[in-house]
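The values are calculated or read from the model by the stated rules, or taken from the named source; none is laboratory data. Keep in mind that what you see is a predicted model, and the values were worked out from it rather than measured. A quick note on method: Cβ atoms are made from the backbone with ideal geometry, for glycine too, and the neighbour counts reach across all protein chains shown.
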Amino acid sequence: MATNPVSSDVNKIFAPAAVAGRKVTADLSGSEVKNTIDSAGNQKLFQAGAKQMGKQDFLQLLVTQMRFQDPMAPQDNQQFVAQLAQFSSLEGTQNISTSIEDLGKKLESMVSGQTDSSNAISNSSATNLIGKSVRVNAADVIFDPAQKAPIDINVHSDPGTDSVLTILDSDQKIVNALPLQAAGETKVQWNGLKMDGSKVPAGKYQLKVTSKDGTDTGYTFFEDKVTGITYAKTGTRLEVKGQSVAMDQILHVGDAAE
């Protein structure tokens, strides 16, 4: 006997074939909704199934729960009030978080504005230094063996101190120590020799003015006129004696000699 195709279709509508091996679970713990699936079917539907619950999600769950509750066994009033309290607490926490985030953005904007204003004032003030004589802290010196003339080093040592000019290599090892004849300002010549009389290789050497026990008692410097200013991302820099000098290297400013 032939099967009625209409009856077969009706049976499919009211009794659809179950998808084999499909298991879906939901975890509503804490403030997160997590979905998991164990199925041979399409799992893309459940990818990225975890998200942070917001107040709208919480409210939607609460309203849906009320809509589909059993009229013969309605939800307990105490449980409903507790859920409303949770919703109120969640909303308050999110509002506080939003307010703090907005406040942080305003503070960042204020700091950025103050920095820009400070830089503008600093840049404007720096233009007044053009043509002035400045004393620049020179913490190192470049030695070139091909240069026969000795290097002139300007030294300032504090009054009442018995100081030495210490020259160190890149490894912070003492290359030479030149005693200063008097305190105050003086000029020392260094011909690139070590303490044993041998010559140092080409390179940059650090300069320190200290007492014999190693206490800082002065500094080395060079002086010249400011010939230009560069406004860089790292800050304002002065052009002195062909070198780019940072503002924090300036030790003294005065009128240039006529």
Among what's in region 167-184 and is under 24 Å from LYS148 (Cβ atoms) and of a type in the set (Val, Ile, Thr), pick the residue that is nearest to the chain's Cα centre (by Cα).
ILE167
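Restricting to region 141-159, give me the number of residues that are surrounded by 12 or more Cβ atoms within 10 Å (Cβ to Cβ) and farther than 16 Å from THR215 by Cβ. Spell out the reasoning first.
The initial filter retains those residues of region 141-159 that are surrounded by 12 or more Cβ atoms within 10 Å (Cβ to Cβ), namely 141, 143, 147, 150-151, 153-158.
Subset that is farther than 16 Å from THR215 by Cβ: 141, 143, 147, 150-151, 153-154.
Total satisfying the criteria: 7.
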Condition set touching a residue at least 24 places away in the same chain (Cβ under 8 Å) and acidic (Asp, Glu), scope region 122-178, selection farthest from GLY235 (Cα to Cα): answer is ASP162
Number of the condition not met by LEU251 [criteria: (1) surrounded by 15 or more Cβ atoms within 10 Å (Cβ to Cβ); (2) in contact (Cβ under 8 Å) with a residue 12 or more places away in the chain]:
(1)
Mind counting the residues in region 207-238 that are in a strand (DSSP E or B) and touching an Asp or Glu at 6+ places or on another chain (Cβ under 8 Å)?
11
Restrict the check to region 107-126 and report whether at least one residue is surrounded by 10 or more Cβ atoms within 10 Å (Cβ to Cβ), modelled with pLDDT of 70 or more and more than 43 Å from the chain's Cα centre (by Cα).
no
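Which residue, of LYS199, LYS233, is under 35 Å from the mean Cα position of the chain (by Cα) and among the charged types (D, E, K, R)?
Working: LYS199 fails: under 35 Å from the mean Cα position of the chain (by Cα).
Unique residue meeting the criteria: LYS233.
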Here are some residues: LYS187, LYS204. Which one is more than 40 Å from the chain's Cα centre (by Cα), of a type in the set (Lys, Arg), outside any loop (DSSP other than H, G, I, E, B) and surrounded by fewer than 12 Cβ atoms within 10 Å (Cβ to Cβ)?
LYS187
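Take the residues in region 160-174 that are modelled with pLDDT of 90 or more and not hydrophobic (A, V, I, L, M, F, W, C); name whichever of them is surrounded by the fewest Cβ atoms within 10 Å (Cβ to Cβ). I'd like the intermediate steps shown before the answer.
So the first thing to find is which residues in region 160-174 are modelled with pLDDT of 90 or more, and the list is 163-174.
This time we only want the ones that are not hydrophobic (A, V, I, L, M, F, W, C), so: 163, 166, 169-173.
Details: SER163: 24, THR166: 17, ASP169: 15, SER170: 10, ASP171: 5, GLN172: 7, LYS173: 7.
The qualifying residue surrounded by the fewest Cβ atoms within 10 Å (Cβ to Cβ) is ASP171.
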Which of the residues spanning region 190-201 are loosely packed, with under 13 Cβ neighbours inside 10 Å and assigned to a strand (DSSP E or B)?
LYS199
